[in-house]
Amino acid sequence: MTLPHSDGKHCGSIEMTYASAFERDIFISYCHTDNENPLGLGWIEVFHKMLQIRMRQILGARVPEEEPSIWRDARLQGNDEFADVLGEELQKVALVISIVSPSYVRSQWCIREIAEFCQAAQQRGGLKVDNHARIFKVLKTPVERDQHPPVLQGQIGYPFFIVNGDTKIPREFTLAPGDSQESKALEVITDLAYQIKATLDAINRSLRAGAAATADTTARRSVYLAETSFELDDQRNQVRRELEARGMRVLPEGDLPVRHPDQFRQAVTEALAQCELSIHMIGPNRSLVLPGEVHDTVYQQNQLAADACTRSDLARLIWIPEGPPPKEEDTLQQQFIATLHNDPAAQKNAEVLTNALQGLIARIHDTLRRLDEPKREPAAASVASTRPSRIYLITHPSDMAACEPLREHLFDRGFEVLDTLSDPGATEKEIFEAHKMNLVDCDAAVVCFGTAGEFWARSQMSDVQKAIGWREGRPMAARAIYLGPPDTPPKARLRSNDYLVLDGRAGFDPACLAPLVEALRAASQGGG
């Protein structure tokens, strides 16, 4: 007995496959109820055709032999004789796409298909290859996660619906021409197609031995694009497509394991270890909270990336787009976003952006170009000792006059003082570029917290933290915040383990600069 394709071909015939070790690339597992349409083509049939076309376009296939083989059972389910043959055919399949719906999860046949494939997959390389799952979950209609087949419950999947934010009623993508959600459906199809290609590529790589496999794996640079909350899914997918168009490998390549917190953290840590850059998109709503955890997966991925920065040169971009704030009752998300904006420790090796999506994409490209540039060798100790240490005084225009005694004293002690650009004719961009240049060139940075508000001071401290990335990892000898008059509550309570706090609230006293001078002298004597 042979299994027919929807296009009339037979599974018993000889076909080319993209995954060379298998006789079939992709099997679509679905409930026939979901394909019923008295007015025309069924949903599954249209999905099959759309996926076939998109895969053909992505692979650049010019003839049928170059296309991946996608097949599905076009017969009515429930025939035991046919089931035996289907079980044999599933052993020849590289990947399975499960079309999840209320009918699907109640179908013993569909559950049997998944079980048959899992059993066959365990005998042929396992259910994962290079962290890619060999089963893809397509959500046609919303179903509670705990009702999904167990092997699929850890996946986020590819939803073909949107949920109204007010009524919470789902609006399914009909896949029919002219549907108001047609463009959104095509985006999901495209994301699915790219991930299928990545998984098939991983299967092929795993079969190639020796130097060829190593070269193929390492040729592509990797970027970690953190999973985010539902309202930023579209933006995340757009960034993924931009990166993949540049030939980047985007991790995680499959869904992260969300049923077990330890497995989740291990998967994220292992993925980050392969990357030079991580990108975190932070919305007003929290994402999934793992069992037994307090913080959601967005928070945890960002924290794991911050931890990774202590072990490597991983650069981070944190994007917090403008929009509605977190709900008043969501204090955890409020605190998380406030910490990212204001806490230098949370910004290690990170740049926090609040611009539009295209600005984020441009910054990603800039960061990747910078990472491509050769690392500058640190100056030799003998050279460093021949020039005075450079101290950058970051000063608000309203405090220029008040900081003059501080500036003159440092000059008198033999230091080179770099000033904030104060040219009234300079553009905002020119002022920022001069600010950034000073942060790159200085040996120490001092934020002068005088009459300007606390927000201004915190934002300057954030820039000093970001300078770690701009300086290509070269540390500063010292970072300090100078508390000038007037004395205010924010200054009185300011404490820091990252910054030297120089207290001049009662007026300038050279003695308050002693910790800064000592740190610079020690660095100079040590060749730093």
What number, rounded to the nearest 500 deg cm²/dmol, is the helix-based mean residue ellipticity at 222 nm of the chain, given -39500 (n - 2.57) per DSSP H run of at least four residues and division by all its residues? -12500 deg cm²/dmol
Using Cα atoms only, what is the angle between the long axis of helix 297-309 and the major principal axis of the chain, expressed in degrees (0 to 90) to the nearest 10? 50 degrees
Semi-axis lengths (Å, descending) of the ellipsoid that matches the C-alpha gyration tensor of the stretch 253-381: 26, 19, 14
Simple spin-label model, 7 Å along Cα-to-Cβ: Trp470 to His409 in nm? 2.6 nm
Please work out how much length the chain gains when fully extended from Ala176 to Arg112, using 0.36 nm per residue of separation minus the C-alpha to C-alpha distance, in nm with one decimal. 20.0 nm
Can you list residues whose amide H is under 5 Å from Val163's amide H, if they're 5+ apart or on another chain and H is modeled 1.01 Å from N? Arg171
How far is it, in nm, from the label point at Ile431 to the one at Gln525 when both lie 7 Å from their Cα along the line to the Cβ? 4.0 nm
Subtracting the Cα-Cα distance of Ala338 and Asp423 from 0.36 nm times their residue separation yields 27.4 nm
Relative contact order [Cα under 8 Å, 6+ residues apart], the chain, whole percent: 9 percent
Using a Förster distance of 51 angstrom, determine the FRET efficiency expected from the C-beta separation of Arg124 and Ala511, and round it to 0.05. 0.10
Express as a percent, rounded to the nearest 5, the fraction of DSSP beta bridges in the chain (both residues included) that run antiparallel. 10 percent
Spin-label model distance (nm) - Gln358 vs Ser312, 7 Å beyond Cα toward Cβ: 3.3 nm
Straight-line reach from Lys128: which lysines fall under 24 Å, measuring Cα to Cα and dropping same-chain residues less than 8 apart? Lys92, Lys137, Lys140, Lys197
Could you name the lysines in cross-link range of Lys491, using Cα to Cα under 27 Å and dropping any fewer than eight places away on the same chain? Lys348, Lys436, Lys466
Whose amide H sits under 5 Å from the amide H of Leu500, counting only residues 5 or more places off or on another chain, with H placed in the peptide plane? Arg479, Ala480, Ile481
Show me, for the stretch 427-443, the HN-Hα J-couplings you get by feeding each phi into the Karplus relation (A = 6.51, B = -1.76, C = 1.60, θ = phi - 60°), rounded to Hz, glycine and proline as x. 7, 4, 5, 5, 5, 5, 5, 5, 4, 5, 4, 5, 5, 6, 8, 7, 8
Mean separation of Cα contacts under 8 Å (at least 6 apart) over the residue count of the stretch 220-373, i.e. the relative contact order in percent, is 23 percent
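A short reminder: the numbers here are calculations on the coordinates, not readings from a lab. Here the structure is a predicted model, which means the values were calculated and not measured. With ideal geometry, Cβ positions are generated from the backbone for all residues, glycine too; neighbour counts draw on all protein chains shown.
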